[in-house]
Structure formats: C-alpha cells, structure tokens
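**Q** Pasting a structure below so you can have a look.
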Amino acid sequence: MAQMKFMCDAERCIECNGCVTACKNANDVEWGIQRRRVVTLNDGESDEMSISVACMHCDDAPCMAVCPTDCFYKTDDGIVLHDKDLCIGCGYCLYACPFGAPQFPQQDAFGERGKMDKCTFCAGGPAETKEEEYEKYGANRIAEGKLPLCAEMCSTKALLAGDAQDVADIFRQRVVHRGHEDGAWSNNPKASADNLAYDAARKG
Amino acid sequence: MNQLTAQAPGGVPHLTHWQGVWRWLLLAFALVLSLGVAQVVHAQADPDREMSTGAPGIDADQWRQVRSGETGDNYRTSRYESDYNLINSSGETWRQWRNRWVSPFGLIVIGGMIVIITLFYLIVGRKELEGERTGRKLFRWPLFLRALHWSVASLFIVLALTGLNLLFGKFVFRGLFGDAFWGGMISASKFLHNYLGPIFGVLLIVLLVCLIKDNIPKKHDLEWFKKGGGMVGKKHVDAGFANGGEKAWYWILATVGVLVVASGFVLDFPNFGQGRDTMQWANIIHAVGALGLTAVSIGHIYIGTLGTEGSLEGMTTGYVDETWAKEHHNLWYEEVKDQSVSEQELVDRRASKGAGDSPATRSS
C-alpha cells in the first residue's frame, strides 16, 4: 500500500510554471481554475525562492474533517479525493485547507460557488464511466500506472510525486550530494544537532 | 587485490605464470588510479564550496514567515486573481474551533435545553390559568404583527433545521439514507439556508423595529427576574405588555439575532470578495450565535404553546382572555381592561369587517 505524496524541492524550483500548465492540460481543468500554483517568496531578491503547491493529500486532511456533506475520501494510496455529486459548494474546505487547494468555478451571491475542484493526484474521482470521470475530475493516470503529470514533466525535477518512501529517498540522496549539514532546507545553525546528511550517508 | 592476482593464473591458462601476474597488476593499478580520479570529481560536492558558491539556502526565519501566513512585498503567486498566502495559517484554528468546540457544545446546549424542558414539563407541568376564563377578550396582536411573527418563526425553524443538518447531518443521515438521498437532502439544505436566510434577516429587523417600544426595560422587569417570572414564591409579579422574559428574548434577538444575520450575510455573499479569514470568523460567530438562539427558541416555543395555557391564542387569533391578561400581564390589563369585548361581539365584528382592527393600547 503506497502512501502518495508530493514534495517540491525549493532549491530546484525555477518558477517555470510547467507544472501548472501540465496539470491544466492533463486534466482539462475548467476555465478560471488552476489546481497547481507556483508561489515565489522574495521575488527579485538574492534569496528568492519558489515552490509549487497544490493539494498535498494530507494524512489528517482538514477538508475531510469540516466537509458538511462528507464528500471527501481517501484512497488506499493515501490520495484525498472528493465526490462532486455530493459537493454543495459551501466553501468550508477552502476555509480549512492549509494550502489553498480547493477552488470553485463561481463566487456568486447566495453562496453559489458551483462544485469544488482540486488536485486529484491525477487519480480521477468517483464516476460511472471513464468519460464521466474525465469530464468531472480530469485524468486518472494512477489507474494507468502513471504518476501525476506535473511532477513527471517538471524540468528540474524539483517537484517529486510518488510513494512517500521513494520521494524521501530521492530527497535524502540529494541532500547527501549537496552536502549541506542541515539537510539543505535552512541555514539554521541548530539543524546540525540532527545532522540529516550524516545519517543519510550511513544508511547508504 | 590479492584475491585478484591469485585467481589470475587459473583464469588465463595459456600465458606463462609471470606474464599473467604482471598483466593483472597493471590492470589493478589502472583501476586504483581511476578510483583516485573519481574521488577528485566527487570532492567537488564539497559542503564548504557549495555553501560559498551556491544560492543562499532558505533560512528558518523565512519558513517561519511562510508558516505565519505573512506574504511580504515580493510575494508572488501564479494563480489568477488570488492573493492567498502559501500557508493558510488560520485554517487549522478555524477547524479546531468548529469541530472541537462549536459542534459538540452546540449539541450539548440544544440537547440540554430539550432535556431540561421535558423534565420541567413532566415535573412542574403546564402553567394553567388560576382563575376562570371570563369569556371577554382583549386585543393583543394585530394581523400584521401576527403575520410577521409567523413568517419569522417558520423561517427560523427552516433555517435552524437546515443549519443543524449542515453541522451534524453527515453523522446521521448519510449512513441512514445512502448517498443519493443524502446528496439531495444536504444540497437542498444549503439552498434553502442561503436563499431564505436573507429574507429572515430582513423580516427579523422589521419585527424588531415594530416591537421595540413594547420591550424597553423597566424597573418592574428586574423584580420579575428576581422572582423567576413568578416561579419563586408562587406569587404574581408585575408585568406590562411584555414581561421580563419576553423582553429578554426580544433583546437576545436584537443582539445575537442581528449578529447572526450580519455574519450570515458575510458568508452568503462571497461575490463581494471577502477573504477566507473573514469568512472563518463569520462562520464561528454565525454558528455559536445560531446554536444559542436555537436553544433559547426551544424555550420560547415551549412557553408559547404547551407551557402556558392561553398564550398561543393571542398569536393565532390576536385576542387573549381577560383572565390570562390579568395573571400574566397585570399592568397591561389595568390599562386596557375597559376595552375588552365579548366573544359574541368578536364574531359580529369579524363578520362585518374582518379582524384587522386596531389593537388595545399598549404599555410596557
């Protein structure tokens, strides 16, 4: 049983927005909705940093916890999906989500938001037929044994998707080769206390 | 290395012993040399070198800033018309407020109210009229106010039920009726709640404005509360057109009710572009206020129907019995007792021009 995760290596992301485009294309996402976004901190400064964000398929997903219709569910692969037939567009998942992942096609008076849309980890959603699934949720690449297109197409391989263990292994290897004592995530001097690079090297 | 050379003669039998050894030694030397070269290449991933030439890493302060929800001047997000920060830091707070506090305590407050009222009814029972009905009636609620009251009341009940369904329904009805029915039910709940809510809001304000002059607090209201509305000492306490309890209900609606209506408007009209954070707070205020109102309204409904003999007819027919007025609103009774009409007069009056006549004068 895999536990699917995204991870964006902020040291590698070059803010090309390829993931955003790949996602829109693979899933034929509705106009105005962008399931993935690239956030840039300190744009134009020497410490500029970019990171690609979408639904992170949380273990303890806040959207699931607050949904009044209980339309969310978790697949065996740890992917958080939702049933658009049950969604009433109340917006609670958006209030709760740490990553701003849920989006709505409308934002009209009387709380008319339409059905919520978010990243499905390219795993589609509940539907009777494949056509209906594609229409409502986009591609189901997981069923075809493929990973999400955003990560597959990432030109610098900053965005990683897959089983949490594999993603962690790849990242750990990178950390070892980068040689940062503190795991390449920060310049925090305290980080050497749990020297990630050293541990990783010993594990091979 | 020793193993290699030792095995070599067996591996190449057509060469002489010494030649074989030399060849293998040479090969081994080349291998060792290449290893050395590889180490030089590997040494380029030297931590110090990387630190001095690479882009500076993201320091802990920056991640702390991201976590706190701040965005900063040079923050960019590629999503169209979005100013959402990287991390919605108040989202989890809202979730905990809603799921850990509002939801369970709302259930306790409303369930508790139902239990208390049921026990009160079973133990103390209905408040009957002490004296005989005189058969003479006093006009209390004109048609317009009755219509307004029942409109607000029915809307309140629909909003309370649909609101409760939005908060608790998934724990009960989804498992009970299945997805197809539940989907329709919850979608209808949201639709009714969002479209009837604003109508309720407007009508509530109109009702509050119409009734304000009857609900100005007076000195005798304090006495009314001290005596628990007559429950302490079993004596009648002074009350004007509205007694202390009714005034309290009025002012709860005028404060909490208005707050619930206002926060409801914030939630119901996202088209004005209010953000996530605003709506999180509006939602908590709305839920806490509405659950409180629902609990108190159960008390109001009980007192107005089952709990007190002779109260409901005032709001249905507009007229109350003299005895009821004397026992529950003595000060008002003293003012209007000369305006009482007999039932026969009432029937005649209705036959001639309907019930839309002017009410007896009031005073709080």
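**Q** Going residue by residue through segment B:225-235, is there one that turns out to be assigned to a helix (DSSP H, G or I), crowded, with 16+ Cβ neighbours inside 10 Å and touching a His at 6+ places or on another chain (Cβ under 7 Å)?
**A** Scanning segment B:225-235 turns up at least one residue that is assigned to a helix (DSSP H, G or I), crowded, with 16+ Cβ neighbours inside 10 Å and touching a His at 6+ places or on another chain (Cβ under 7 Å).
**Q** Can you tell me how many residues within segment A:143-157 are over 16 Å from A:A123 (Cα atoms) and either of a type in the set (D, E, K, R) or crowded, with 22+ Cβ neighbours inside 10 Å (or both)?
**A** Qualifying residue count for the region: 2.
**Q** Still on this model: Residue by residue through segment A:19-37, note down the ones that are touching a strand residue (DSSP E or B) at 6+ places or on another chain (Cβ under 9 Å) and within 11 Å of chain B (Cβ to nearest Cβ).
**A** A:C19, A:V20, A:G32, A:I33, A:Q34, A:R35, A:R36, A:R37
**Q** Only one of (1) more than 13 Å from the chain's Cα centre (by Cα); (2) part of a loop (DSSP other than H, G, I, E, B); (3) facing another protein chain (nearest Cβ under 7 Å) is not met by A:T40, so which one is it?
**A** Among (1) more than 13 Å from the chain's Cα centre (by Cα); (2) part of a loop (DSSP other than H, G, I, E, B); (3) facing another protein chain (nearest Cβ under 7 Å), A:T40 violates only (2).
**Q** Only one residue in B:G111, B:G135, B:G125 is away from every other protein chain (no Cβ under 11 Å), in contact with a Ser or Thr (Cβ under 8 Å, 6 or more places away or on another chain) and of a type outside the set (A, V, I, L, M, F, W, C), so which one is that?
**A** One residue alone meets the criteria, B:G135.
**Q** Can we say B:F144 is in contact with a Cys (Cβ under 9 Å, 6 or more places away or on another chain) and farther than 22 Å from B:G292 by Cα?
**A** yes
Yes/no matrix, rows are residues, columns are (1) without any contact (Cβ under 8 Å) to a residue 24 or more places away in the chain; (2) in contact with a Lys or Arg (Cβ under 7 Å, 6 or more places away or on another chain); (3) aromatic (F, W, Y); (4) buried (at least 20 other Cβ atoms within 10 Å of the Cβ):
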position: B:W182; (1), (2), (3), (4): yes, yes, yes, yes
position: B:M185; (1), (2), (3), (4): yes, no, no, no
position: B:S189; (1), (2), (3), (4): no, no, no, yes
position: B:F200; (1), (2), (3), (4): no, no, yes, yes
position: B:V209; (1), (2), (3), (4): yes, no, no, no
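**Q** Is one or more of the residues making up segment B:252-271 at pLDDT 95 or above and assigned to a loop (DSSP other than H, G, I, E, B)?
**A** Taking every residue of segment B:252-271 in turn, at least one turns out to be at pLDDT 95 or above and assigned to a loop (DSSP other than H, G, I, E, B).
**Q** For segment A:126-178, name all the residues that are touching a residue at least 12 places away in the same chain (Cβ under 8 Å), under 17 Å from A:D83 (Cα atoms) and polar (S, T, N, Q).
**A** Across segment A:126-178, the qualifying residue is only A:N140.
**Q** Further question on the same structure: Might you check whether a residue that is touching a helix residue (DSSP H, G or I) at 6+ places or on another chain (Cβ under 6 Å), part of a helix (DSSP H, G or I), at pLDDT below 95 and not assigned by TED's automatic domain parsing to the domain that holds A:A65 occurs anywhere in segment A:163-174?
**A** Yes.
**Q** Here's a follow-up. Considering only segment B:258-289, state which residues are among the small types (G, A, S) and more than 14 Å from every other protein chain (Cβ to nearest Cβ).
**A** Step one: filter segment B:258-289 for residues among the small types (G, A, S), giving B:262-264, B:273, B:275, B:282, B:287, B:289.
Once the filter is applied, which keeps residues that are among the small types (G, A, S) and more than 14 Å from every other protein chain (Cβ to nearest Cβ), segment B:258-289 yields B:A262, B:G289.
**Q** Test each condition in (1) aliphatic (A, V, I, L, M); (2) in contact (Cβ under 8 Å) with a residue 40 or more places away in the chain; (3) within 30 Å of B:F168 (Cβ to Cβ) for A:M7 and report the one that comes out false.
**A** (3)
**Q** Here is a follow-up. Scan (1) more than 14 Å from every other protein chain (Cβ to nearest Cβ); (2) among the polar types (S, T, N, Q); (3) in contact (Cβ under 8 Å) with a residue 12 or more places away in the chain for the single condition B:T255 breaks and write down its number.
**A** Failing condition for B:T255: (3).
**Q** Of these, B:W324, B:W332, which one is under 16 Å from B:D238 (Cα atoms), in contact with a Phe, Trp or Tyr (Cβ under 8 Å, 6 or more places away or on another chain) and either modelled with pLDDT under 95 or in a helix (DSSP H, G or I) (or both)?
**A** B:W332
**Q** Just a yes or no: is a residue in segment B:274-283 free of Cβ contacts under 8 Å to residues at least 60 places away in the same chain and surrounded by 18 or more Cβ atoms within 10 Å (Cβ to Cβ)?
**A** Yes, the conditions are met somewhere in segment B:274-283.
**Q** Which condition does B:R174 not pass, out of (1) crowded, with 19+ Cβ neighbours inside 10 Å; (2) in contact (Cβ under 8 Å) with a residue 12 or more places away in the chain, if it passes all the others?
**A** (2)
**Q** Right, another one. Which residues, counting only those in segment A:43-61, are under 15 Å from the mean Cα position of the chain (by Cα) and within 8 Å of chain B (Cβ to nearest Cβ)? First the steps, then the outcome.
**A** Step one: filter segment A:43-61 for residues under 15 Å from the mean Cα position of the chain (by Cα), giving A:50-61.
Matches in segment A:43-61: A:I51, A:V53.
**Q** Still on this structure, I have one more. When you check A:M4 against the structure, is it buried (at least 19 other Cβ atoms within 10 Å of the Cβ), within 21 Å of A:N140 (Cα to Cα) and among the hydrophobic types (A, V, I, L, M, F, W, C), yes or no?
**A** yes
The values are calculated or read from the model by the stated rules, or taken from the named source; none is laboratory data. What you are looking at is a predicted structure, and each value in this text was computed from that prediction instead of being measured. For neighbour counting, all protein chains shown are included, and Cβ atoms are generated from backbone atoms with ideal geometry for every residue, glycine included.
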